[in-house]
Amino acid sequence: MANNDDFQETFKQLKAILKPYAAKLHVVHDTETNYYLDTHLVMKNKQRVFFGAVRTGKAYVSFHLMPVYASAELERSISLELKKRMQGKSCFNFKTPDKELFKELAKLTKSGFAMFHNPEFLQKILPR
């Protein structure tokens, strides 16, 4: 069973995956248990497009990555091992750090960031 130290370390390592993109995104929350990034793109409803987040819950630490939801190509590239950690369409849950799966998440995040900064891709996914 995971303990509080496991959750803290898991959160720290998952946050480190998102942190390099913070300068080009909008940091909504940055606390010990919630790190949340939006893009600078504002939709018709006057809300920013969500990019990703890490949140510590009661049972696990969740890593959310919206580009996975928005791109079938990214979703198909996810390994079976990482898919086992998936809840919903863009959330991955962990109780302890996992070096290999975190490496894969880092690659997905890099690809997703590139997609979310591609005007052609954004035009396809966002309502007009």
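Rounded to the nearest 10 degrees, the inclination of helix 99-115 to the longest alpha-carbon principal axis of the chain is 10 degrees.
With the simple model of a label 7 Å out from the Cα in the direction of the Cβ, residue 75 to residue 118 spans 1.7 nm.
Helix 4-18 and the longest principal axis of the Cα set of the chain meet at an angle near 30°.
Dimensions of region 31-81 based on its C-alpha atoms, expressed as ranges along the principal axes with the largest first, amount to 36, 32, 13 Å.
Compute the semi-axes of the equivalent ellipsoid of the chain, taking the square root of 5 times each eigenvalue of the Cα gyration tensor, and list them largest first in whole Å.
Details: eigenvalues 122, 56, 28 Å².
That gives 25, 17, 12 Å for the three semi-axes.
Excluding same-chain neighbours fewer than eight residues apart, the lysines reachable from residue 83 by a Cα-Cα span under 26 Å are 12, 15, 19, 58, 95, 99, 103, 107, 110, 124.
In the chain, helical runs assigned H by DSSP with n ≥ 4 each contribute -39500 (n - 2.57); averaged across all residues and rounded to the nearest 500, the mean residue ellipticity at 222 nm is -11500 deg cm²/dmol. Distance between the 7 Å Cα→Cβ label points at residue 5 and residue 95: 1.7 nm. In the context of the full set of protein chains, the chain has a per residue accessible area of 62 Å² (1.4 Å probe).
The values are calculated or read from the model by the stated rules, or taken from the named source; none is laboratory data. Computed from a prediction, not measured in an experiment: that's the story for all the values here. Neighbour counts are summed over all protein chains in view; Cβ atoms, including those assigned to glycine, are modelled from backbone coordinates with ideal geometry. Accessible surface is based on the protein model in full, side chains and every heavy atom, while ligands, DNA and RNA are left aside. Shrake-Rupley method; radii C 1.70, N 1.55, O 1.52, S 1.80 Å.
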